[in-house]
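Let me begin by presenting the structure, written as structure tokens, before commenting on it.
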Amino acid sequence: AKVGGRNQLRFFDPSMTRDLVRKKEIETELRSAILRDELSIFFQPIVDLKTGRIRTFEALVRWFHPEKGELRPDEFIPVAEETGVIITLGNWITAQAAKAAAQWPDDVTLAVNLSPLQIRAPGAALGILNALRDAGLPPHRLELEVTESLFMDDSENTARFMQELSAAGVNFALDDFGTGYSSLGYINNFPFKKIKVDRSFVSGPHIGRKSDAIIRAVAEMGSTLEMEIVAEGLETVEQVQAVSAAGCTLGQGYYFSRAVPDFLAAMLLAQERDG
Ligand code: C2E
Ligand code: CA
Ligand code: CA
Ligand code: CA
């Protein structure tokens with residue numbers, strides 16, 4: 001082939017080749033990363049905005065690559081989803097996180113992110129319950145964070161999955177709220193206990209007038225429907241005050257803490273209970 005029109009140029013774009021090579025590399029290496037002990041789970045606190053106490057830790061995966069250094073989940077989770085590696089990876093994450101959480105006080109819950117592909121595997125719900133049993137974590141202490149993308153392909157299967165786990169006591173949170181479409185339908189039809197308002201609503205040093213009105217409306221709906229509203233991405237005291245005033249009950253973000261390793265999470269909890 002020769003370099004002809006504009007459209008063909010992209011075949012020779014070196015940055016695109018680099019992206020493909022990098023993706024292929026990530027796929028291959030991700031498969032062995034678990035065995036080589038390169039992945040670990042970090043925990044970010046979700047704080048009660050009234051009392052300041054930690055109510056939940058969200059499990060966030062980290063990959064410490066021997067050559068590439070620390071890789072962010074945004075770099076490898078999408079690859080894991082495209083290649084199906086997310087199923088193995090997701091099982092591992094749930095099992096590891098549940099083991100750590102079983103050491104925390106009874107009133108502290110664990111939040112785990114779930115990719116759509118993970119629930120399509122047959123026996124997915126049972127697999128999660130088995131992982132909890134093995135770790136000694138009661139189902140009511142697990143919250144699964146899902147996004148609206150979960151409902152795109154097979155909402156019947158999704159409904160069955162959620163019903164099965166809800167019946168066992170597992171709770172669900174709707175993640176990245178406000179970034180997708182028809183969210184209200186999902187809230188109406190599926191058993192969500194929490195809504196996490198996406199951090200794009202609180203970005204910047206202050207909260208804009210529009211975002212503030214939206215957060216207020218969501219918080220109002222939350223209190224009527226007895227759902228908790230989590231404000232994500234809180235970085236400044238002004239943001240914390242604004243979302244509290246708007247009626248959010250829970251907050252998460254660098255203002256409180258970044259995601260930390262399991263021993264630090266346990267230390268934060270111990271500190272809280274001492275003083
Ligand atoms: P997410 O579920 O929305 O997680 C919140 C992300 O926001 C985390 O990024 C967290 O570190 C970051 N964050 C928290 N507070 C702040 C803040 O105050 N300011 C800013 N700028 N960022 C904040 P992280 O850990 O890089 O994860 C990115 C995404 O990757 C997650 O978004 C989630 O969609 C996905 N992910 C992470 N861990 C897992 C996992 O174990 N399984 C699955 N399926 N997805 C995961
Ligand atoms: Ca999340
Ligand atoms: Ca989120
Ligand atoms: Ca996200």
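The values are calculated or read from the model by the stated rules, or taken from the named source; none is laboratory data. None of these values were measured; they are calculated from a predicted model. Positions of Cβ are generated from backbone atoms using ideal geometry, with glycine treated the same way; all protein chains shown enter the neighbour counts. Quick note on the areas: whole protein, heavy atoms, side chains included, nothing else; ligands and nucleic acids left out. Shrake-Rupley method; radii C 1.70, N 1.55, O 1.52, S 1.80 Å.
Quick one: is residue 93 within 19 Å of residue 171 (Cβ to Cβ) and touching a Ser or Thr at 6+ places or on another chain (Cβ under 7 Å)?
Considered against the rule, which asks whether it is within 19 Å of residue 171 (Cβ to Cβ) and touching a Ser or Thr at 6+ places or on another chain (Cβ under 7 Å), residue 93 comes out as no.
Suppose we filter 148, 156 for residues that are touching a Ser or Thr at 6+ places or on another chain (Cβ under 8 Å), at pLDDT below 90 and farther than 16 Å from residue 229 by Cβ; which single one remains?
It is 148.
Take residue 189 and decide whether it is open to solvent by 30 Å² or more (accessible area, probe 1.4 Å) and in contact with a His (Cβ under 9 Å, 6 or more places away or on another chain).
For residue 189, the condition - open to solvent by 30 Å² or more (accessible area, probe 1.4 Å) and in contact with a His (Cβ under 9 Å, 6 or more places away or on another chain) - is not met.
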